[in-house]
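Student: Starting off with a structure, shown below.
The values are calculated or read from the model by the stated rules, or taken from the named source; none is laboratory data. Remember, it's a predicted structure, so these values are computed and weren't measured experimentally. Here the Cβ positions follow ideal geometry from the backbone for every residue, glycine too, while neighbour counts run over all protein chains shown.
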Amino acid sequence: MKKQTFEKFKQLVYQKSGITLGPQKVALVTSRVSKRMRALNITDHDAYLRFVIEDKTSGELVHLLDSISTNVTSFYREPAHYDFLAHLIQKWDVAKQAKFRIWCAASSSGEEPYCLAMTTLEALGGPHQDFRILATDISTKVLDAAQKGEYAASKLEPVPAAMRQKYFTASGSGANATYTAKEALKRIVSFNRLNLSVTPFPMKGPLDVVFCRNVMIYFDNAVRTRLLHEIVRLLKPGGYLMIGHSDSLVGIKTPLKTIQPAVFQKI
Ligand SMILES: C[S@@+](CC[C@H](N)C(=O)[O-])C[C@H]1O[C@@H](n2cnc3c(N)ncnc32)[C@H](O)[C@@H]1O
C-alpha cells in the first residue's frame, strides 16, 4: 500500500473508531484490507478507500473496522480481576444490594462477559432477579460470534471442567468438541454495538463495575480522556473500573483511586 493511501486509511479509521494506526501497522493494514478487497474483487487500495467512503449505508466501513481491529481475548484473561469481582459481589449481596449492573466495554467475541456472568452467578450462588451485564464492542463480527456463544474446545481450556459442564453444552468430543454457552449465561448478558470513541454514550447508569480492558492501548490521549470521563460519569460513587494490565491512566485526571494494579474506584 502506498504511504499516502495508508495515511488516508489511518485518518478514516481514527475519525470513525478512535483507533490510532502507527507506522508499524502498514503491513497489518495492507494484509487485512487486501483480504477484504479480494472478497469484493477490488484490486486497487485507493479504489477500495473510495468504495468505503462512498458507501452511504456505512456497511463497508463496519467491514473495514472489523478487519482492522484486533480482537484477541480469552476466557479468564488476567484472572485477578475475576477474584476481585467475586469478593465485591459477595460483599454487596451481604449488604442486601438489590440491583447489579456491569458493563463490559470492548467485549470482543464474548469470553470476557461470559466469564463475568460465571463469576457473578457463582458469587451469588445462582441467578439473581436484577443482575445484568451489558457487553459492547465496535465490531459486528465479534458481536455476532459472542451472541452465538460457540467456542472451540481449545478456547475453553482456561475454564475449569466443573464450570464448563455447568455453563456450556458440548457437542462432539475431545479436541473437536464445540462448547455453547447455556441460557443461564446468555440470559444475563446483552450484546450491543457501541463505539467507545463517540461520546456521550447512550447508557444512563449508575454502574457498579466497568471492565474496559485491552482497548485503551489502541487510543491516543484525547480519545482515552473522553472515554474515561464517560466511564466516571456512569459509575456509581464507590463503583469500580478494571483496565488491562497494558492499559494506563497515566496523565489523565479522573476522580479514580488506585485499589490494586489495574483496579480503580470512583471516589
Ligand atoms: C484486544 S480486544 C480486548 C477484548 C477484551 N476486553 C479482553 O481484554 O480480552 C479489543 C477489542 O476492542 C474493540 N474495539 C476497538 N476499538 C473500539 C471502539 N472504538 N469502540 C468499541 N470497541 C472497540 C475491538 O473490536 C476488540 O474486540
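Student: Working only within the range 151-190, note down all residues that are among the polar types (S, T, N, Q) and in contact (Cβ under 8 Å) with a residue 40 or more places away in the chain.
Tutor: From the range 151-190, those among the polar types (S, T, N, Q) are 154, 165, 169, 171, 173, 176, 178, 180, 190; that's our starting set.
Hit for the range 151-190 is Ser190, nothing else.
Student: Suppose we filter Leu235, Leu156, Leu227 for residues that are within 30 Å of Thr20 (Cβ to Cβ) and touching a helix residue (DSSP H, G or I) at 6+ places or on another chain (Cβ under 8 Å); which single one remains?
Tutor: Leu227
Student: In the range 53-70, is there at least one residue being outside any helix (DSSP H, G or I), out of contact with any Cys (no Cβ under 8 Å at 6 or more places or on another chain) and modelled with pLDDT of 95 or more?
Tutor: No - not one qualifying residue is present in the range 53-70.
Student: Restricting to the range 73-115, what's the tally of residues that are surrounded by 14 or more Cβ atoms within 10 Å (Cβ to Cβ), among the β-branched types (Val, Ile, Thr) and in the same structural domain as Lys204 (by TED's automatic domain parsing)?
Tutor: Residues flagged as surrounded by 14 or more Cβ atoms within 10 Å (Cβ to Cβ), among the β-branched types (Val, Ile, Thr) and in the same structural domain as Lys204 (by TED's automatic domain parsing) within the range 73-115 amount to 2.
Student: What residue, among those in the range 56-106 that are more than 20 Å from Phe191 (Cβ to Cβ) and among the charged types (D, E, K, R), is farthest from the ligand (Cβ to nearest atom)?
Tutor: Lys96
Student: Please go through the range 182-216 and pick out each residue that is away from the ligand (no atom under 16 Å from the Cβ) and of a type in the set (Gly, Ala, Ser).
Tutor: Ala184, Gly205, listed by residue number.
Student: Can you pull out the residues in the range 9-25 that are buried (at least 17 other Cβ atoms within 10 Å of the Cβ) and farther than 23 Å from Leu194 by Cα?
Tutor: Lys25
Student: May I pose another question? Checking the conditions here, which among Arg233, Arg187 is out of contact with any Leu (no Cβ under 6 Å at 6 or more places or on another chain), surrounded by fewer than 22 Cβ atoms within 10 Å (Cβ to Cβ) and closer than 21 Å to Gln90 by Cα?
Tutor: So the residue among Arg233, Arg187 that is out of contact with any Leu (no Cβ under 6 Å at 6 or more places or on another chain), surrounded by fewer than 22 Cβ atoms within 10 Å (Cβ to Cβ) and closer than 21 Å to Gln90 by Cα is Arg187.
Student: Now, a different point. Suppose we keep only residues that are in a helix (DSSP H, G or I) and either touching a Ser or Thr at 6+ places or on another chain (Cβ under 8 Å) or touching a residue at least 12 places away in the same chain (Cβ under 8 Å) (or both) within the range 129-148. Which one would you say is farthest from the ligand (Cβ to nearest atom)? Break it down stepwise before answering.
Tutor: To start, the set of residues in the range 129-148 that are in a helix (DSSP H, G or I) comprises 140-148.
Adding the requirement that they be either touching a Ser or Thr at 6+ places or on another chain (Cβ under 8 Å) or touching a residue at least 12 places away in the same chain (Cβ under 8 Å) (or both) leaves 140-143, 145-148.
Numbers: Thr140: 9, Lys141: 8, Val142: 5, Leu143: 9, Ala145: 10, Ala146: 9, Gln147: 14, Lys148: 15 Å.
For the range 129-148, the residue satisfying everything is Lys148.
Student: Continuing with this model, one more query. On the given criteria, is Glu60 within 22 Å of Phe201 (Cβ to Cβ) and of a type in the set (Asp, Glu)?
Tutor: no
Student: Taking the conditions exactly as written (among the aromatic types (Phe, Trp, Tyr) and under 26 Å from Ser197 (Cα atoms)), does Phe84 satisfy them or not?
Tutor: When the stated conditions are applied, Phe84 does not pass them.
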